[in-house]
Every structure is written in structure tokens, then in C-alpha cells.
1. When you check residue 267 against the structure, is it touching a strand residue (DSSP E or B) at 6+ places or on another chain (Cβ under 7 Å), in contact (Cβ under 8 Å) with a residue 12 or more places away in the chain and surrounded by fewer than 18 Cβ atoms within 10 Å (Cβ to Cβ), yes or no?
2. Residue by residue through the range 321-364, note down the ones that are within 20 Å of residue 277 (Cα to Cα), free of Cβ contacts under 8 Å to residues at least 60 places away in the same chain and outside any helix (DSSP H, G or I).
3. Has the range 336-348 got at least one residue that is more than 21 Å from the chain's Cα centre (by Cα), within 24 Å of residue 219 (Cα to Cα) and modelled with pLDDT of 95 or more?
4. If I ask for residues that are out of contact with any strand residue (DSSP E or B) (no Cβ under 9 Å at 6 or more places or on another chain) and farther than 14 Å from residue 197 by Cα, which ones from the range 145-181 would you list?
5. Mind telling me which of the residues 211, 206 ends up being crowded, with 18+ Cβ neighbours inside 10 Å, under 23 Å from the mean Cα position of the chain (by Cα) and closer than 24 Å to residue 108 by Cβ?
6. Being more than 16 Å from the chain's Cα centre (by Cα) and closer than 27 Å to residue 362 by Cα is the requirement here; does residue 76 meet it?
7. Can you confirm whether the range 18-40 contains a residue that is on the phi > 0 side of the Ramachandran plot, assigned to a loop (DSSP other than H, G, I, E, B) and surrounded by 15 or more Cβ atoms within 10 Å (Cβ to Cβ)?
8. Of the residues 237, 242, only one is surrounded by 11 or more Cβ atoms within 10 Å (Cβ to Cβ) and at pLDDT below 70; which?
């Protein structure tokens, strides 16, 4: 079975009332990306999009370009982050542009980013900006009705007649079973066979087996590199304990001695190797990533994976793609299409040009 290559897609690159309020008028991640400075010799920052393409996602022409580029390089679809808290949407405009412009030829589905927002970027004080809340049955119905217009779109990806819907943190939803009962009924009234729910595993405190015990969850997606960063792949207790203590000490140092901050650094090759050698459950889906460096958002307190090279990505992507297909997994997730604030992107930049996309095209067409 050929796995569909799905790129995570951030719909943030346009002006929103919330970002204006929280980060200043006109804010998008491009401001963080452009303002980023290297923290050490050889640090690949700032990242610059090819042809200075600092786009705005409220322009249908830009999304049309992204869709055409994805198709050309064998990206089967976008997994678009979806933000909804107690009746209020955020950053919904790019998805709505796709919905209302049928000439944008891209398949897609949503990942509900159901987490709190806190003032953590740019050395913020961490205070809560928006609490993720779920409301009661009326809100669940409102949420489904909004989603249903997308579910009915022919481009929205389905499995076995069920619209695919990823949830970032299932265990954060106290009313999950009750809400899913409501959604399942509404989906069947719409003519679907229910919903195809994919839970996200982003750290080792989340166990896929526990998630899969819930009758509503069809699959678990391993979100990388965050799952690796929480030491999910080593069986060595001493090493695991050392890494956790080191992380705590780095954070303590950064709090007490802000002028002498230390980044959390990890080997990208070790992460790639761990992903490719991980023993997967039959209902787990592989996650992969291009690169990771969130210095644009977190400055000197960033998390960085060092050693990114195109040849390294090609070696390990070939491996993980073959394993995914051989294991008959429906989807292989890549972090990300356009997470420029975390240096995780497939879109062309001035250093690698179309390199990551070319690798995916070669791997898929072999």
C-alpha cells in the first residue's frame, strides 16, 4: 500500500485580531523569522524564503501556488491546523479560502490544535493568552456544523467513507466521549460512516496503546521531533534520566542567568535514526520532519536539532517512506510544509532551494 505523504500546514501567516493583540499590530511569524539572529558561529539563521516570498495567506493566489507546488513534488495533501475554543475560531481564513476556491487543487484534512496559548515567545512571561475550552453539547454541535462544510468537500480526505480528523491532545478533552457521540451521530446524518479520528502522540507520557483503547480513535500519529525530544526511543534508563535532568538544569540556568542562556541541542541524525528504527504498532502512523530550530520564536532559549543536510534527509526519508508503505499505513506525516518559525518547512529557501521537495518526489516515484 502506498502511503499518502501529508505535510502539516500552519495557517498563521496572515494578520488576525488575536495576534495583533498578543504580539503587536500586523504580526505574523514572518516578523519573527526576519528578525532572527544567529546565536553561535555557523548557526543557520535567519532562514530566508526563496525570492523573498514572505507571503500572506489571505491571498488565494498564494495558496494556489502552494497547492500546485505540493502536487508537483508528490505531496498528497495538507494537514491544516484548526483552532477552535468554546465557539471561537482562530486563523480559519486560509482553510476557508481553499473551501471556496475549487480551483485550488489540494487534498487536505484538519488537525485540531486544542491547546492553550501562552505568552512564551520572545522571552515572554508565560501568562495565559487563551485557555482551550470545550463548552457543552450546543458548542460541540456548532463546531461540527462548521467542520461539516469542509467534510463535504470532495478534496477533504476520507478513509472508508469517514472524514479524517486529527486531534492534538485527546486527553485534554474531558468530554471527549460525549462529544464524539454527538459528532458521530451528526456525521452519519450527513451521509458519512462516522469520523476517522487520528490522535497525536507528541511525548512519551502519552502511550499509543492507551489512546487506542478509546473506541473513537482509529490511529495514532507520532509527532516529530517532539516525541523524540522526550526521550521516547531509548531503553537506557541512565541515559534517559541524564537527558531529563540536563533539560531541567538548562531551564534553571536560563531562568537564573538570562545573559548566559544555553540552548537545548539534539542530533538530527540520531532523531532520524530513532524514528526509522522505532518498533511501530499496526495502528501507529509515522511522523518525520525536515529540520527543527525554533530560535525565531524563542531566541536564545530555543530548541535546536543540529546537523541538517539534504543527503541525510534523503537517506532517512527513503527508509521511513518504504517502511510506511510496506506496513500498509495510510499516511506519512511530515513536519512541516511551512513552519518557518520552527525552521521546519518544505517550501523553498535560499539555502536548499527545492531540495527537500525534490527528495520526496524522487522517493515516492521510485
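1. On the way: touching a strand residue (DSSP E or B) at 6+ places or on another chain (Cβ under 7 Å): yes; in contact (Cβ under 8 Å) with a residue 12 or more places away in the chain: yes; surrounded by fewer than 18 Cβ atoms within 10 Å (Cβ to Cβ): yes.
Considered against the rule, which asks whether it is touching a strand residue (DSSP E or B) at 6+ places or on another chain (Cβ under 7 Å), in contact (Cβ under 8 Å) with a residue 12 or more places away in the chain and surrounded by fewer than 18 Cβ atoms within 10 Å (Cβ to Cβ), residue 267 comes out as yes.
2. 327
3. no
4. Matches in the range 145-181: 145, 149, 154, 172, 174, 175, 178.
5. 211
6. Against the criterion (more than 16 Å from the chain's Cα centre (by Cα) and closer than 27 Å to residue 362 by Cα), residue 76 does not qualify.
7. Looking for residues that are on the phi > 0 side of the Ramachandran plot, assigned to a loop (DSSP other than H, G, I, E, B) and surrounded by 15 or more Cβ atoms within 10 Å (Cβ to Cβ), one finds none in the range 18-40, hence no.
8. So the residue among 237, 242 that is surrounded by 11 or more Cβ atoms within 10 Å (Cβ to Cβ) and at pLDDT below 70 is 242.
The values are calculated or read from the model by the stated rules, or taken from the named source; none is laboratory data. This is a predicted model, so every value here is computed, not measured. Note: ideal-geometry Cβ built from the backbone for every residue, glycine included; neighbour counts use all protein chains shown.
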